[in-house]
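Below: the structure, in structure tokens.
The values are calculated or read from the model by the stated rules, or taken from the named source; none is laboratory data. Quick caveat, the model's predicted, so the values are computed rather than measured. Don't worry about glycine lacking a Cβ; one is built from the backbone with ideal geometry, like all the others, and counts go over all protein chains shown. With ligands, DNA and RNA removed, areas are computed over all heavy atoms of the protein, side chains included. Shrake-Rupley method; radii C 1.70, N 1.55, O 1.52, S 1.80 Å.
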Amino acid sequence: MAILKIARMGHPVLARLADPVADPTAPEIRNLVKDMLETLADVGGIGLAAPQVHVPKRVVIFEVPAARASRDSPGEPAEAGVAMTVLVNPVIEPLAEAKADGWEACLSVPGLTGLVPRYTQIRYSGYDLLGKRIEREARDFHARVVQHECDHLDGVLYPMRMTDMTQLSFMEEMRYRAAAGHPAPSEEELAELAEG
């Protein structure tokens, strides 16, 4: 296993469509995922796409901490967290037209955060490393994480999804935005964004 270098915004690997994986059970895909897991553990974060480690393949990994998953919908039944998931050749289908703005950060866009609209309810599918089909429905933060990671497979970084570029900021400047009464993530959200 190895810790891989993270591609940053501007690198061509992040601007192209990733190639489909012919065989999710192939040893090279299993090795790639092992390296991605080790890399994610090293840098901190909740998700990583293969193009972010310079491999233009349709592979993502992500998890959704239970505490974070349940925060988006107060008064509704809490959504459970999602254990670390490997998704090969993912497909996303919005289940409703509703979108919500949320603060995002990215290992490939270090030091920045932005307010990004995302579908609030999706269905996603793909394959695990055993070739078994995965199909799940997701909402709120879970849906946001999946959409963010899968965007990398289509050459899209979160600033490209933003509708108001005045809401893109360096994380270290966010405390000034909040003090001036501008939209800004909470201290808790800011800490999570800093972790990836």
message: Pairs please, first residue from the range 85-96 and farther than 13 Å from VAL145 by Cα, second anywhere and among the small types (Gly, Ala, Ser) and surrounded by fewer than 20 Cβ atoms within 10 Å (Cβ to Cβ), Cβ atoms under 6 Å, 6+ apart in sequence or on different chains.
response: VAL91/SER125
message: Would you confirm whether or not the range 109-126 contains a residue that is among the aromatic types (Phe, Trp, Tyr) and either touching a residue at least 60 places away in the same chain (Cβ under 8 Å) or under 20 Å from SER186 (Cα atoms) (or both)?
response: no
message: I want to confirm something. Restricting to the range 6-49 and keeping residues that are outside any loop (DSSP other than H, G, I, E, B) and in contact with a Pro (Cβ under 7 Å, 6 or more places away or on another chain), which single residue is surrounded by the most Cβ atoms within 10 Å (Cβ to Cβ)?
response: LEU14
task: Would you be able to say whether some residue in the range 51-62 is open to solvent by 30 Å² or more (accessible area, probe 1.4 Å), at pLDDT below 95 and over 26 Å from THR163 (Cα atoms)?
output: no
message: Take SER186 and tell me if it is surrounded by fewer than 16 Cβ atoms within 10 Å (Cβ to Cβ), under 30 Å from THR25 (Cβ atoms) and polar (S, T, N, Q).
response: no
